[in-house]
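Here is the structure we will look at.
What follows is calculated from the coordinates using simple rules that are stated; it is not laboratory data. What you are looking at is a predicted structure, and each value in this text was computed from that prediction instead of being measured. With ideal geometry, Cβ positions are generated from the backbone for all residues, glycine too; neighbour counts draw on all protein chains shown.
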Amino acid sequence: MSMQALFGQLLVGLINGSFYAMLSLGLAIIFGLLGITNIAQGAFYMLGGFTTWMLFRWAGIGYFWALLLVPVIVGLVGAAIEKTLLRRVYNLDHMYGLLLTFGIMMFIQGMFVYFFATAGRPYAVPPELGGAYNLGFMFLPKYRGWVVLASVVFCFATWFAIEKTSLGRTLRAATENPTLTRAFGVNVPGLMTVGFGIGVALAGAAGVLAAPIYPVSPLMGADLIIVVFAVVVVGGMGSILGSIVTSMMLGLLEGLTKVVYPQGSNMVIFVIMFVVLLIRPAGLFGRER
Amino acid sequence: MTDASVSSPVLAVENVAGHYADSHILHGVSMHVSPGEVVTIVGRNGAGKTTLLRAIMGILTKRSGSIKVFDKETIAFAPERIARLGVGYVPEERGIYATLDVTENLMLPPKVAEGGMSVEQIYQLFPNLRERRKSPGTRLSGGEQQMLAIARVLRTGAKLLLLDEPTEGLAPVIVQQIGATIELMKKQGLTLVLVEQNFRFAARLADRHYVMENGRIVDAIERSQVTARMDAIKSYLGI
């Protein structure tokens, strides 16, 4: 096996890890604040990818504008869904939230399949990020490096916003004790709308980053979300930083498996999930309840 | 401010009923608190004192009757709207956030009115909290947690404060400190409703005591009557 292949696969792993991180981070925020397991997260990722494609195709709006606009658009769609639908199941068993978001996923995905069919649509790498760096031991396509960098920035910005700002402070308080937080005059229901919006906006941003790498297709999120849920199970639902670290780790491990035992690369995350569930059911960073 | 608004009560509770889950806990409670008064609600365990505060705060969702806060009918208000009228709440379990450090706990409640204390003033009042300001809220001792819970509402400018058992389970020296703080709050013109098991503590501070039994207010004892009616009080409280 050549070093080229090894580093190439590790890079792919890092990129996959970046997508896992952005999606699972969003899931962690949503679960913490709303108590909802948002299985539609993959559909919001797809929505992000597709909106990027549509903006360019129909409005001539390019990649960098999309990176700014699409998370906002997806976040607003999420906020509207939270206000009209999710709100109704907060007082019910967690299972209802799961079923409802499953329905939302089927609906969004179904609409796109209906209008666009399932074939993938290409999206060009922006010229500024075309080409590759020769690192000596490997070629690093600029865009791939950009994806990793951008996702680190998104994740760090989210972590910073939650841990170090007053909005984040209020968000953490509302996650821990919503009733008391309301009794202090905080509009917690409004905060939940914002929290869901931010959570799905992260998935939308991941969709923009993915558009030039993976074909944009209505089913692009369906494949990813299964793995992301396995990542979340391994990391545990509780921790923001935990979900980022776990995602990167598992992405790399997946890449490494592709080099040493390619047949196992699709299941290595699930094998790890199985082992973690046996010895630490709350996940690596999760707290037992 | 006109004379009329000074004399109208800060809090007027009329015939309030309240349910928690399937049990009927408050049965037609009526009470009122005037500006600058310290009023206690005393009574045995399970009389409904905590539930009454939760009803006033809007946390108890199944409630009926009339609760006027600063002359506004709040019976249909969500808790955040009631708080924003200028009400501060210090819950029985203290409600210190584990995921927030001391300063973050202090800064969490939004300002609801002008005239709250600054963080600096609060740290002067509670020097212990300054020393622990970077500690996670739940690493504090019980007394420190209680001080933080009180300090938290002093910063918001709330003019009506609801304190649920602020001395419960605390050492005498801490109880004294909390008593001194409550006297200071009274001097600043704040209006206080205090649920308290420790009658000796309550008697020193309160202008009036409401006695609660089985979800009803059964008696109101003015400060001046306390000595004369000590036997009745003792029998109410079973002490």
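Counting every C-alpha pair in the range A:225-274, the share spaced more than 18 angstrom apart comes to 26%.
Along the axis of the charge dipole computed for the range A:16-279 (Cβ charges of +1 for Lys and Arg, -1 for Asp and Glu, origin at the Cα centre), the listed residues A:Leu27, A:Tyr133, A:Asn177 are led at the positive end by A:Asn177. Of all DSSP-defined beta bridges confined to the protein assembly as shown, some 60% are antiparallel rather than parallel.
Counting Cβ atoms of other protein chains within 10 Å of each residue's Cβ and taking the mean over peptide A:183-195 gives 5. Where a ≥ b ≥ c are the square roots of the eigenvalues of the C-alpha gyration tensor, would you call the range B:1-127 rounded, which needs a/c under 1.5, or, failing that, prolate if a/b is larger than b/c, or oblate? It is oblate, given that a/c is not under 1.5 and a/b is not larger than b/c.
For chain A, the membrane-span-like helices by this rule, meaning whole DSSP H stretches whose C-alpha atoms cover at least 18 Å of axis and whose Kyte-Doolittle mean is 0.0 or above, are A:3-34, A:41-59, A:63-84, A:94-116, A:142-164, A:188-210, A:220-235, A:240-260; this says nothing about an actual membrane. The reciprocal of the average 1/r between distinct C-alpha atoms defines the Kirkwood hydrodynamic radius, which for the range A:16-279 equals 19.0 Å. Largest GNM mean-square fluctuation among A:Leu92, A:Leu34, A:Leu256, using chain A with Cα springs under 10 Å: A:Leu92.
As a proxy for reagent exposure, A:Phe184, A:Phe112 were ordered by neighbouring Cβ count within 10 angstrom, fewest first; the result is A:Phe112, A:Phe184.
Selection among A:Ser243, A:Leu209, A:Leu76 by position relative to the dipole of chain A gives A:Leu76 as farthest towards the positive end (Cβ unit charges, Cα centre).
Entry note, the range B:60-144: relative contact order of 28 percent, from Cα contacts under 8 Å with a spacing of 6+ residues.
Note on the protein assembly as shown: along the principal axes its Cα atoms extend 95, 46, 45 Å, ordered by decreasing extent. When the Gaussian network model of chain A links Cα atoms closer than 10 Å, the mean-square fluctuations of A:Val271, A:Val228, A:Val194 top out at A:Val271. When the helices in chain A are scored as -39500 (n - 2.57) per DSSP H run of 4 or longer and the sum is shared across all residues, what 222 nm value do you end up with, to the nearest 500 deg cm²/dmol? Mean residue ellipticity at 222 nm (helix-derived): -24500 deg cm²/dmol. Debye calculation, C-alpha points only, no solvent: report log10 I(q)/I(0) for the range A:134-289 at q = 0.20 Å⁻¹, in the same order as the q values. So the normalised log intensities are -1.44.
If each Cα of the range B:91-239 is one equal point scatterer, what is log10 of I(q)/I(0) from the Debye formula at q = 0.20 Å⁻¹? With one equal scatterer per Cα and no solvent, log10 I(q)/I(0) is -1.25. Out of every Cα-Cα pair that the range A:101-186 contains, those further apart than 21 angstrom amount to 66 percent.
Counting other Cβ atoms within 10 Å as a rough exposure proxy, the listed residues B:His32, A:His94 run A:His94, B:His32 from fewest neighbours to most. Only Lys, Arg, Asp and Glu carry charge here, each on its Cβ (+1 for the first two, -1 for the last two); on that basis the protein assembly as shown has a dipole of about 340 debye about its Cα centre. Any idea how far apart A:Met54 and A:Val113 come out in nm if each label point goes 7 Å out from Cα toward Cβ? Inter-label distance under the simple model: 1.8 nm. Comparing B:Val39, B:Val193, B:Val173 in a Gaussian network model of chain B (Cα springs below 10 Å), the most mobile by mean-square fluctuation is B:Val173.
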